[in-house]
1. Name the helices (runs of 4 or more DSSP H) wholly inside the stretch 135-203 in which the number of residues that are without any contact (Cβ under 8 Å) to a residue 60 or more places away in the chain is 3 or more.
2. Does any residue in the stretch 213-224 that is within 10 Å of Glu173 (Cα to Cα) come within less than 6 Å, Cβ to Cβ, of a residue that is of a type in the set (Lys, Arg) and buried (at least 17 other Cβ atoms within 10 Å of the Cβ) six or more places away or on a different chain, and which pairs are these?
3. I'd like to verify a number: residues in the stretch 108-118 that are part of a helix (DSSP H, G or I) and crowded, with 20+ Cβ neighbours inside 10 Å, how many?
4. Just one of (1) outside any helix (DSSP H, G or I); (2) over 12 Å from the mean Cα position of the chain (by Cα); (3) crowded, with 21+ Cβ neighbours inside 10 Å; (4) of a type outside the set (Lys, Arg) trips up Asp121, so point out which.
5. Could you please tell me which pairs satisfy a Cβ distance under 6 Å, a separation of 6+ or placement on different chains, a first residue in the stretch 1-13 that is surrounded by fewer than 19 Cβ atoms within 10 Å (Cβ to Cβ), and a second residue that is outside any loop (DSSP other than H, G, I, E, B) and not hydroxyl-bearing (Ser, Thr, Tyr)?
6. I need a count of the residues in the stretch 124-157 that are surrounded by fewer than 21 Cβ atoms within 10 Å (Cβ to Cβ) and among the small types (Gly, Ala, Ser).
7. In the stretch 216-241, what count of residues is obtained for those that are under 21 Å from Met180 (Cβ atoms) and surrounded by 13 or more Cβ atoms within 10 Å (Cβ to Cβ)?
Amino acid sequence: MNVSIVMPYYNAAKYIKETVGAIIAQTYTDWELIIVDDCSLAPETVEVLKAVEAMDDRIRVLRAKVNGGAGAARNIAIKEAYGRYLAFCDSDDWWYPTKLEEQIRFMEENNYPFTCTWYEDADENLEPYYTMKQNEKQTYKSMITGCNIGTPGVMVDTQVLGKKQMPNLRRAEDWGLWMMYLRDTDYLVTYPKVLWKYRHVPGSETSNKWKQLKAVIRMYQEVLGFSAFKANMIVFLLFLPNNIWRKIQKRF
């Protein structure tokens, strides 16, 4: 397998078949999908994941021993991944059919080991309402003040950068991983085309803004090694203003 796709799962029966269907529909076919159930409580979990695994023989379903959050579930999948390229997809998001093909071509033609793509913010029914366009290149320094990189758009060439584990955080763990990779490479490079949709689901982890804010402070301290004072100063003087500005842009 050339591409390993890692997917955490937690009580997401409503959306996962649509998400996995979009992966199966990819024009690039040399992939494996590793789904890790993070100790879901929903009674239909076993039946749903058994049906998903039966959708394609390139799909493997694993189960975490304890509930550790999306990052911990992804780490289990990363350990089991065989592919050169590491890709991420959450269990409620959606890829356009040429996502893998176009992104891999972009990386191979330009020798980029670490990339992301534009994406669309969409409602629960995948109706898009805003296009998120990241800067062409992001560095360790530029990403300290905020991260608008959607996890399902990221791809890493592990032959160049290796396989890293997400930090032990319940939130902002993906941002922490991008910062860890940016210590080893100059840029996270953006492929300037929409290749996936981020489904906004009421009550999801990222919809709880206060918990997300505390997670950012913790990421600054535990991943970047900042003092509590420095972490709080960056959050309130840089991260929050940047975040507010992005929300204003979405409205207008």
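1. 140-143, 173-182
2. Ala215/Arg171
3. Looking only at that region, the number is 0.
4. Result: Asp121 passes all but (3).
5. Pairs found: Met1/Glu32; Ala13/Val48.
6. 2
7. Counting residues in the stretch 216-241 that are under 21 Å from Met180 (Cβ atoms) and surrounded by 13 or more Cβ atoms within 10 Å (Cβ to Cβ) gives 16.
Conditions (1) of a type in the set (Gly, Ala, Ser); (2) in a strand (DSSP E or B); (3) surrounded by 20 or more Cβ atoms within 10 Å (Cβ to Cβ); (4) touching a residue at least 40 places away in the same chain (Cβ under 8 Å), marked per residue:
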| site | (1), (2), (3), (4) |
| --- | --- |
| Ile23 | no, no, yes, yes |
| Thr29 | no, no, no, no |
| Leu41 | no, no, no, no |
| Ala72 | yes, no, yes, yes |
| Ile76 | no, no, yes, yes |
| Leu86 | no, yes, yes, yes |
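All of the numbers you see were taken from the coordinates with simple rules; none came from a lab. Here the structure is a predicted model, which is why all the values come from computation and not from measurement. As a convention, Cβ positions derive from the backbone with ideal geometry for all residues, glycine included, and neighbour counts pool all protein chains shown.
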